[in-house]
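The values are calculated or read from the model by the stated rules, or taken from the named source; none is laboratory data. In this text, all values refer to a predicted model and were calculated from it rather than measured experimentally. Here Cβ is always computed from backbone atoms with ideal geometry, including for glycine, and neighbour counts include all displayed protein chains. Remember, those area values only see protein heavy atoms, side chains included, never the ligands or the DNA or RNA. Shrake-Rupley method; radii C 1.70, N 1.55, O 1.52, S 1.80 Å.
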Amino acid sequence: VLGFGLRDLFADVFTGLAINMDRSFVIGDWVQVNEGGAGMSVGKINEIGWRCTSLTTEEQTNVVIPNGLLGTEHIVNITRPMLSTRYEASVTVEFSVSPDRVKRVLMAALRSLDTVPGFDTEKPPVVLIHDTSELGIEYLLRYWILPWNPISPTSANDRVYGRVLAHLRAAGIGLAYPKTDIYTARMPARQFDSHRKEDLVELLAQTDVFKLLDAHSIASIVDAMERQHIPENQVLFHQGDKGKSLFVLIEGLLEIDVESDGHAECVGRIHPGQCLGEMSLLTGERRSATVRAASESIVYEVGKKSITLVMQQQPALAEALSNILAERQISTAMSLSELDPAQQKREIANFAQQLFTRMRDFLELYLSAPKAQWKRWQAYPR
């Protein structure tokens, strides 16, 4: 009777001895323990005693598990054999969207997380077609993180889905959902189509450079745009190149590299829906950085001729654009400075005046500008 009553105690003690000798997990490891009917616990081991082992969970609660249970249940050591661990997420997209296009957008979303602390950049993410259902195609996203160093799997999952939804939204791709719609007319477009003029007009209208234009002017620019497919790691343009165009990223991810003293450093990224190269288009200056595709990308190029025609029809646009570009560049350059807001405002106004003059001369807007507008431009130094 005594032996039967002490059976669990003896199991805890001898299992504790085995744990300390075997060292399958040690203090500091993150483990996942199946507690039978009690559920599952995930936590960091902070003590291994003779009778029980204690874990600290993400919620900063203490879980005490008898050693005897550790000897009979399934245990996953998340920390070993290496610090990084692969996790998965999944999304389902409608059949009507090309799988190549969805993969390109999802891969760009995962690659954009390289700069987030805790994501392992040495192990590239993967996007796979996992399954199909009545809703659509299910895509499996695999990524690597350093669990709790400093990001938890839950937070990493939040970051992944956040970027995925943002990139899908920018590309005009929606997640699949049960449909009960009945149409007696022609089916309307459900997805953004980068080949369709109406969708491109709507996309350009949301950018800083083109948001001041009316729909008719944007449509004329869309008619003159050229679509380009950029393979991964291919350079779109080099630092120092002459340029008379800007680019709008539709799908994918671009990286900006600036070369200094023979060394190139990545200083930023361009996400879908953003423009780049507007200074070369509007002022003719050389490219200030090298831009390459971090993942397979689709861009549209807007040339000097199309933007010149629009500005000749709307002369006030040049002044408005110069203010927008000056504010963006000055704010970026002086983000770490000690200038007070009033001084920054003066700097933006001076730089906007310089940009306005350069745009006027490069695009030759004064040749066909209305007389009243020409008088205003004359007030700016050349």
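Annotations for the structure displayed:
Residues are listed down the side, and each one gets a yes or a no for (1) touching a Pro at 6+ places or on another chain (Cβ under 8 Å); (2) closer than 21 Å to I298 by Cβ; (3) in a loop (DSSP other than H, G, I, E, B):
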| site | (1), (2), (3) |
| --- | --- |
| F210 | no, yes, yes |
| H216 | no, no, no |
| A219 | no, yes, no |
| D223 | no, yes, no |
| G240 | no, no, yes |
| L246 | no, yes, no |
| G252 | yes, yes, no |
| E255 | no, yes, no |
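- Qualifying residue in the stretch 306-317 (condition: modelled with pLDDT of 75 or more, of a type in the set (A, V, I, L, M), surrounded by 14 or more Cβ atoms within 10 Å (Cβ to Cβ) and in a strand (DSSP E or B)): no
- Residue match in the stretch 176-195 (condition: surrounded by 14 or more Cβ atoms within 10 Å (Cβ to Cβ) and at pLDDT 90 or above): yes
- Checking V164 against (1) in a loop (DSSP other than H, G, I, E, B); (2) at pLDDT 95 or above, the condition it does not meet: (1)
- Condition check for L83: open to solvent by less than 30 Å² (accessible area, probe 1.4 Å) and modelled with pLDDT under 90: no
- Failed condition for Q228, given (1) within 23 Å of M359 (Cβ to Cβ); (2) in contact (Cβ under 8 Å) with a residue 40 or more places away in the chain: (1)
- Scanning the stretch 203-227 for residues that are closer than 14 Å to L249 by Cα and exposed (fewer than 14 other Cβ atoms within 10 Å of the Cβ), we see that the one that is modelled with the lowest pLDDT is Q206.
- For the stretch 13-67, the set of residues classified as at pLDDT below 85, charged (D, E, K, R) and open to solvent by 60 Å² or more (accessible area, probe 1.4 Å) consists of D22, R23, R51, listed by residue number.
- Evaluating K103 against the criteria (1) open to solvent by 20 Å² or more (accessible area, probe 1.4 Å); (2) farther than 24 Å from E265 by Cα; (3) touching a residue at least 40 places away in the same chain (Cβ under 8 Å) leaves one unmet condition, (3).
- Residues located in the stretch 257-305, provided they are surrounded by fewer than 18 Cβ atoms within 10 Å (Cβ to Cβ), small (G, A, S) and in contact with a helix residue (DSSP H, G or I) (Cβ under 8 Å, 6 or more places away or on another chain): G284, S288, G303
- Some residue of the stretch 68-75 being surrounded by fewer than 13 Cβ atoms within 10 Å (Cβ to Cβ) and under 40 Å from the mean Cα position of the chain (by Cα): yes
- Residue in the stretch 120-135 that is of a type in the set (D, E), surrounded by 15 or more Cβ atoms within 10 Å (Cβ to Cβ) and modelled with pLDDT of 90 or more present: yes
- Residue match in the stretch 361-375 (condition: closer than 24 Å to S217 by Cα, open to solvent by 40 Å² or more (accessible area, probe 1.4 Å), of a type outside the set (V, I, T) and at pLDDT 75 or above): yes
- Residue in the stretch 235-252 that is without any contact (Cβ under 8 Å) to a residue 24 or more places away in the chain and closer than 22 Å to A170 by Cα present: no
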